[in-house]
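The values are calculated or read from the model by the stated rules, or taken from the named source; none is laboratory data. Just so you know, these numbers come straight off a predicted model, no measurement behind them. Reconstructed Cβ throughout: ideal geometry from the backbone, glycine too, with neighbour counts over all protein chains shown.
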Amino acid sequence: MVSLKHVLLFCGIFAFINAFCMPWNSGGVINVCKETFKKTCIGVSSGKTCKNLIGGPFLSGFTSGPYSCTIYNQTSCTGKKKSVDSDGYTEFPFKPKSIECPCV
Ligand SMILES: *[C@@H]1O[C@H](CO)[C@@H](O)[C@H](O)[C@H]1NC(C)=O
């Protein structure tokens, strides 16, 4: 007998897993840089979760692999967004405040 409680528990676990990467894969890495032309960068990893960037402003950036991360002009992954791939930007169209990368 599957009770409503079990269904809710299952949905909760699924929502939890969905927000993170499976144990056999990890989050993508975006390198955000203090200077234009991808200089003085720090790597920030995220697996389908929003990360607020600290220590900015960041002016350029690129991902560490063949995938795209999303940058946002506001914290909590809100506002304007732009996709960033491994070529990235020598200069971002805006200064990102938060990022989200896929599981890879
Ligand atoms: C981010 O972009 C949105 C949409 O263009 C804009 O309304 C908002 O003012 C911007 N926020 C910042 C912090 O620049």
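The figures follow:
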| quantity | calculated |
| --- | --- |
| Selection count, segment 33-60, where residues are in contact (Cβ under 8 Å) with a residue 40 or more places away in the chain and out of contact with any Phe, Trp or Tyr (no Cβ under 7 Å at 6 or more places or on another chain) | 10 |
| Test: residue in segment 18-25 that is under 21 Å from Val104 (Cα atoms), at pLDDT below 95 and surrounded by 12 or more Cβ atoms within 10 Å (Cβ to Cβ) | yes |
| Residue list for segment 35-64, filter: exposed (fewer than 15 other Cβ atoms within 10 Å of the Cβ) and not aliphatic (A, V, I, L, M) | Glu35, Thr36, Phe37, Lys39, Thr40, Gly43, Lys48, Gly55, Gly56, Pro57 |
| Qualifying strands (runs of 3 or more DSSP E) (wholly inside segment 29-104; at least 2 residues being within 16 Å of the ligand (Cβ to nearest atom)) | 50-52, 69-74, 78-84, 98-100 |
| Test result for Pro102, modelled with pLDDT of 95 or more and crowded, with 16+ Cβ neighbours inside 10 Å | yes |
